[in-house]
Amino acid sequence: MFEEIQDIALVFKPWISHLVTLLTVFLILRKYGGSHLQPWFLSKVYTPMLAIHHNSIRDLQRKHFEMIKNHKSADPELRKKGILRILEIGPGPGYNFAFYPPKSQLSVVEVNPFFEKQFFKKQADHPHINMDRFIVGFAEDMKGVESDSFDVVVSSCVLCSVRNAEKSLKEVHRVLAPGGKYFYWEHIRDFEYGWVGFIQDVFTYTFHDLVFGCCLNRTSDQVIAANKCGFSKIEQQRIKTPLKKGFHSLYILVAPVVIGIATK
């Protein structure tokens with residue numbers, strides 16, 4: 001553990017000035033640049049950074065999300081055709097689209113409108129699924145989505161950024177068809193090392209939530225396990241995702257995740 005702390009410290013040292021500069025510029029632009037700054041920043045700057053981490057966990061995510069193919073639609077006509085109605089919340093640039101079964105009808109709820117154009121362009125990259133609807137909205141209030149209308153709901157690193165996780169889960173439960181399944185992959189507060197949890201706390205309360213709109217210390221596993229939404233069954237487990245040396249060891253802050261399937 002001491003060696004890990006040393007590694008993190010060595011990584012942080014040359015980047016401190018860059019982080020301070022980034023935070024200062026962002027705060028100035030946020031104050032004077034209008035409400036579209038953070039969405040633009042997340043889509044153009046933060047997303048390429050996330051791509052590095054996504055590539056390191058791709059095989060694990062594929063193993064989890066490809067289980068969607070075992071589910072059958074609640075709609076008799078769609079079931080005959082082998083079609084699933086999938087709603088992904090906060091898909092960003094669409095890293096999970098490749099995992100979905102052929103013939104899936106995909107709709108998304110995304111708070112960041114800068115991803116809308118990318119969503120429909122992704123159709124060419126994923127001809128096995130149908131890009132159906134892009135709904136600009138919040139997970140806590142998916143008023144643009146009908147109740148009991150989706151066979152599967154997916155979220156990946158989303159509950160960390162919502163303002164109210166419990167309300168978001170209630171909305172997930174509402175839009176799922178009877179017997180529908182919620183597949184989730186969410187990074188959480190570290191459950192193994194207290195010092196990692198402390199760093200997550202410091203980052204969250206200083207700048208990470210402000211700049212990136214993400215709470216590194218969110219205990220989504222506990223919120224889901226409390227099951228105040230009324231799911232008939234919850235299967236989940238906490239895991240640690242692999243880390244790389246050097247700058248990428250910073251991903252130790254998002255290495256602890258909870259993955260699971262909740263059934264309506």
Residue match in the range 133-154 (condition: in contact with a strand residue (DSSP E or B) (Cβ under 8 Å, 6 or more places away or on another chain), polar (S, T, N, Q) and within 22 Å of Thr263 (Cα to Cα)): yes
Condition met for Val145 (in contact with a Phe, Trp or Tyr (Cβ under 7 Å, 6 or more places away or on another chain), within 25 Å of Lys69 (Cα to Cα) and in contact (Cβ under 8 Å) with a residue 40 or more places away in the chain): no
Answer residue from the range 198-225, given it is of a type outside the set (A, V, I, L, M, F, W, C) and at pLDDT below 80 and is nearest to Asn112 (Cα to Cα) among those: Gly213
Check on Arg58, surrounded by 13 or more Cβ atoms within 10 Å (Cβ to Cβ) and modelled with pLDDT of 95 or more: no
All positions within the range 110-146 that are β-branched (Val, Ile, Thr) and surrounded by 14 or more Cβ atoms within 10 Å (Cβ to Cβ): Val111, Ile129, Ile135, Val145
Looking only at the range 49-99, and only at residues there that are over 15 Å from the mean Cα position of the chain (by Cα) and among the hydroxyl-bearing types (Ser, Thr, Tyr), the one that is nearest to Ile261 (Cα to Cα): Ser73
Residue check, Val162 under 18 Å from Trp185 (Cα atoms), under 15 Å from the mean Cα position of the chain (by Cα), at pLDDT 95 or above and among the aliphatic types (A, V, I, L, M): no
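The values are calculated or read from the model by the stated rules, or taken from the named source; none is laboratory data. Keep in mind it's a predicted model, so treat the numbers as computed, not measured. When we count neighbours, we look across all protein chains shown, and the Cβ atoms used for this are built from the backbone with ideal geometry, even at glycine.
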